[in-house]
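Colleague: This structure is in structure tokens; I'll ask about it shortly.
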Amino acid sequence: MKHILFIILLLASMDAKAQGYKITFVPQQVHPGTYYLAQHFRDKFNIVDSAMLEKTQMTFEGRKALEKGVYTLLDSNKKQIFDVMIDDSQKFSICYDAKHSNKGMKVKGSMANTLMFEYMAKLDWANATEKEYAATKQSNPEEYEKNHASLSKEMENYMNDYLRKNSKYRFAQLLKMFQNIEVPNEIPAGNK
């Protein structure tokens, strides 16, 4: 009987550890201090955990799984560094650069965050490209319109492909919520 009780307790503790979270952030430039993991709540942050920067990283760890959603990493002054997605994968690490560039994010253990930062990097690229095109708008409006239309079509195709391939991830689901709804020109038969 003692052996069975021991096995049950062992399995329960292993299950509790499996359900917890362990998120490690590795900044390329080290700034000592306490960092915070916070959940978005309207225009404010609800701090859910804190961690000290030890050597070259900070690790947020807890026995209970975090609620799924968008979280943010805050610095020691409680200023936002960047957002992360919490979904089914709650044990991952992110190495980030000093500029907080989406292109420079290196994620291990979380496909949701990998895909989010890839998308954000593509969006950063599109915004920078559009700025380059806008600089030629006055001198060559026809060229600008051609380039702008091409970039818009490329990003529309990218977004549709991204949403189709990644629909099971929370970030893609959030993006889909903000997409424009296609309204048909005519009411389909039988819906009058």
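The values are calculated or read from the model by the stated rules, or taken from the named source; none is laboratory data. Given the structure is predicted, the values throughout are model-derived calculations rather than measurements. Don't worry about glycine lacking a Cβ; one is built from the backbone with ideal geometry, like all the others, and counts go over all protein chains shown. We work out accessible area using only protein heavy atoms, side chains counted, and drop any ligands, DNA or RNA first. Shrake-Rupley method; radii C 1.70, N 1.55, O 1.52, S 1.80 Å.
Colleague: Do the conditions hold for Ala172, that is, is it among the hydrophobic types (A, V, I, L, M, F, W, C), part of a helix (DSSP H, G or I), more than 13 Å from the chain's Cα centre (by Cα) and at pLDDT below 95?
Modeller: Working: among the hydrophobic types (A, V, I, L, M, F, W, C): yes; part of a helix (DSSP H, G or I): yes; more than 13 Å from the chain's Cα centre (by Cα): no; at pLDDT below 95: yes.
Judged against the criteria, Ala172 is not a match.
Colleague: Just name the residue that is farthest from the chain's Cα centre (by Cα) out of those in segment 116-166 that are of a type in the set (Phe, Trp, Tyr) and over 21 Å from Gly104 (Cα atoms). Spell out the reasoning first.
Modeller: Keep residues of segment 116-166 that are of a type in the set (Phe, Trp, Tyr), which gives 117, 119, 125, 133, 144, 158, 162.
The next check asks that each one be over 21 Å from Gly104 (Cα atoms); those that pass are 133, 144.
On the way: Tyr133: 28, Tyr144: 32 Å.
Ranking the qualifying residues of segment 116-166, first place goes to Tyr144.
Colleague: Moving to a separate point now. Of the residues in segment 57-79, how many are farther than 19 Å from Gln28 by Cα and under 18 Å from the mean Cα position of the chain (by Cα)?
Modeller: So the answer is 7.
Colleague: Of all strands (runs of 3 or more DSSP E) completely enclosed by segment 61-151, which ones contain at least 3 residues that are aliphatic (A, V, I, L, M) and open to solvent by less than 30 Å² (accessible area, probe 1.4 Å)?
Modeller: Details: elements: 69-74, 80-86, 91-96, 106-108.
Result: 80-86.
Colleague: With respect to the numbered conditions (1) surrounded by 13 or more Cβ atoms within 10 Å (Cβ to Cβ); (2) more than 17 Å from the chain's Cα centre (by Cα), which one is the sole condition not fulfilled by Glu54?
Modeller: For Glu54, the failing item is (1).
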